[in-house]
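The structure under discussion appears below in the form of structure tokens.
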Amino acid sequence: MTVVVALLAIGFGSVNISADRVIAVLCANLTGRAAGLDPLDQQIVWELRVPRVLMAAVVGASLALAGAALQGLLRNPLADPYIVGVSSGASLGAVLVMSFGSGALFGLSTPAAAFIGALVLLLLVFAFAQRSGSFTDIRLVLSGVALGYVAMAGTSFAQLQAEPGQVRGILFWMMGSVAGARWETLALPTVALLGAGAWLLIQARGLNALALGDDDAVAVGVDLRRFRLGLLLVAALLTAVTVAVAGGVGFVGLIVPHAVRMLVGADHRRLLPVSALSGAVFLVLVDLVARTIGSPNEYPLTIFTALVGGPFFLWLMRSPEGRS
């Protein structure tokens, strides 16, 4: 299904390209025989749409994976990848560059400023959550919420200083887009996804034990402090990387794990990989709608993820699965 959705997303757009031409371009480039291809097909398929579809898949998988891990860690169905304020820090860094230019942050590009902003806020969250050399997940979340609001205030102030022509670009970035995806920007989020995904899968048994309660987790040998710290760090760094390359894409990390949990159950050995695959497919489809529904204009991703996520949550609240 993932391959079919990817081929569909590559073929459709402001210029539609048939499936056989898409496959021909993919095969030619993968085998190093791209010399005889139509230059227009080569540019649209290989240079523009393939990296965009791959970026949407990586971002969707990363956010869904982080959301599933955090919901299991915090035992909170409303937990999502942005709960520790990472997106607010990333937004502040990006909006400062977009409003005042790269000179405002030592020549950093917008993605680099977003990533640095996310890391700085994450460090502050851990610093404020410390108390007598220890912390709890509740203190981390509360620190993230409080510092997130402070960063949002700075973002709003910087946004008001921007020129009217810059505001549309700022709003577009804050609501998420993969329009800027290129081959050279794929490496970092892909490595982060593969590394974090492998580590989280190793921790799946610990997450299952934690779902039964702290005492049960300790009984099976889980070091709760190190376990929680590791999960929060990995989920936050994964989120920081995705926000840096695609902006603030909402709802994916919140709704995809819930939908997958209804299909495969709460065992994290199945929930984590299926959430990653489902998040990838979901965001590729959302990006396809965002760039074709008003073609040649494009819309931010969160418009459509929210349109799906809001009604889904209302349905979940009234369904037997949601009440349970």
*asked:* Suppose R0 equals 25 Å. What FRET efficiency, 1/(1 + (r/R0)^6) with r the Cβ-Cβ distance, do M1 and I23 give to the nearest 0.05?
replied: 0.90
*Contour minus end-to-end for D215 and V191, with contour as 0.36 nm per residue of separation and end-to-end as the Cα-Cα distance?*
5.2 nm
*For the stretch 98-255, what is the largest minus smallest coordinate of the Cα atoms on each principal axis, given in angstrom and ordered from greatest to least?*
58, 37, 30
*Taking only protein heavy atoms and a 1.4 Å probe, what accessible area per residue, in Å², does the chain have with all protein chains in place?*
48
*Find which of P51, A34, A68 sits farthest along the positive direction of the dipole of the stretch 7-84, computed with +1 on the beta-carbon of Lys and Arg, -1 on that of Asp and Glu, about the Cα centre.*
A68
*With the Cα gyration tensor of the stretch 28-79 giving a ≥ b ≥ c as the square roots of its eigenvalues, does the rule (a/c under 1.5 for rounded; else a/b larger than b/c for prolate; else oblate) give rounded, prolate or oblate?*
prolate
*asked:* As I understand it, the dipole of the chain uses +1 on the Cβ of Lys and Arg and -1 on the Cβ of Asp and Glu, about the Cα centre. Which of L186, V84, A204 lies farthest toward its positive end?
replied: A204
*Mind putting a number on the dipole of the stretch 27-164 about its Cα centre? Charges go on the C-beta only, +1 for Lys and Arg and -1 for Asp and Glu, and I need it in Debye to the nearest 20.*
380
*Is the shape of the stretch 30-124 best called rounded, prolate or oblate, per the rule: a/c under 1.5 gives rounded, else a/b larger than b/c gives prolate, else oblate, with a ≥ b ≥ c the square roots of the Cα gyration tensor eigenvalues?*
oblate
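Could you size up the charge dipole of the chain around its Cα centre, putting +1 on the beta carbon of Lys and Arg and -1 on that of Asp and Glu, and report it in debye to the nearest 20? Before the final figure, lay out each step's value.
Numbers: 19 positive and 16 negative charges, 80 e Å.
Charge dipole of the chain: 380 debye, to the nearest 20.
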*Mind telling me which of I83, I170, I138 comes out most flexible in a GNM of the chain, alpha-carbon contacts under 10 Å?*
I138
_Estimated distance in nm for a label pair at R318 and T292, the labels positioned 7 Å out from Cα along Cα-to-Cβ_ = 3.1
_Prolate/oblate/rounded call for the stretch 214-324, Cα gyration tensor, a/c under 1.5 rounded_ = oblate
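Beta carbons within 10 angstrom, averaged per residue: use that to sort the peptides 21-34, 289-302, highest first.
Descending packing order for the listed peptides: 289-302, 21-34.
Hey, any idea what % of the chain's accessible area is carbon plus sulfur with a 1.4 Å probe?
Values: 10450 of 15440 Å².
Reported share for carbon and sulfur atoms: 68 percent.
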_Please check: in the Gaussian network model of the chain (C-alpha springs, under 10 Å), which one of V308, V286, V86 has the largest mean-square fluctuation._
V308
*asked:* Under 10 Å, Cα contacts only: if you run a Gaussian network model on the chain, which one of G13, G85, G247 comes out with the highest mean-square fluctuation?
replied: G13
*D for the stretch 186-229, whole µm²/s, Stokes-Einstein with Kirkwood Rh over alpha-carbon pairs at 20 °C and 1.002 mPa s: what number?*
187
*In vacuo Debye scattering of the stretch 146-213, one point per C-alpha: log10 I(q)/I(0) at q = 0.15, 0.19, 0.25, 0.27 Å⁻¹?*
-0.83, -0.92, -1.02, -1.07
*Going 7 Å from the Cα of E47 in the Cα-to-Cβ direction, what parts of the stretch 1-32 have a backbone nitrogen less than 11 Å from that spot?*
none
*Calculate, for T136 and N76, the FRET efficiency according to 1/(1 + (r/R0)^6) with r their C-beta to C-beta distance and R0 22 Å; round to the nearest 0.05.*
0.95
*Quote to one decimal, in nm, the extra length available between R270 and F106 on full extension: 0.36 nm per residue of separation minus the C-alpha distance between them.*
54.6 nm
*Based on the alpha-carbon gyration tensor of the chain, what equivalent-ellipsoid semi-axes (square roots of 5 times the eigenvalues) come out, in whole Å, largest first?*
33, 26, 18
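What are the DSSP H helices in the chain that stretch 24 Å or more along their long axis, judged by alpha-carbon atoms, and whose average Kyte-Doolittle hydropathy comes to at least 0.0?
Details: long enough: 50-74 (36 Å, 1.70); 110-129 (28 Å, 2.42); 137-161 (36 Å, 0.98); 224-246 (33 Å, 1.73); 268-292 (36 Å, 1.10); 301-318 (26 Å, 1.49).
The qualifying helices are 50-74, 110-129, 137-161, 224-246, 268-292, 301-318.
The values are calculated or read from the model by the stated rules, or taken from the named source; none is laboratory data. None of the values given here were measured: they were computed from a predicted structure. We place every Cβ from the backbone using ideal geometry, glycine too, and count neighbours over all the protein chains shown. Remember, those area values only see protein heavy atoms, side chains included, never the ligands or the DNA or RNA. Shrake-Rupley method; radii C 1.70, N 1.55, O 1.52, S 1.80 Å.
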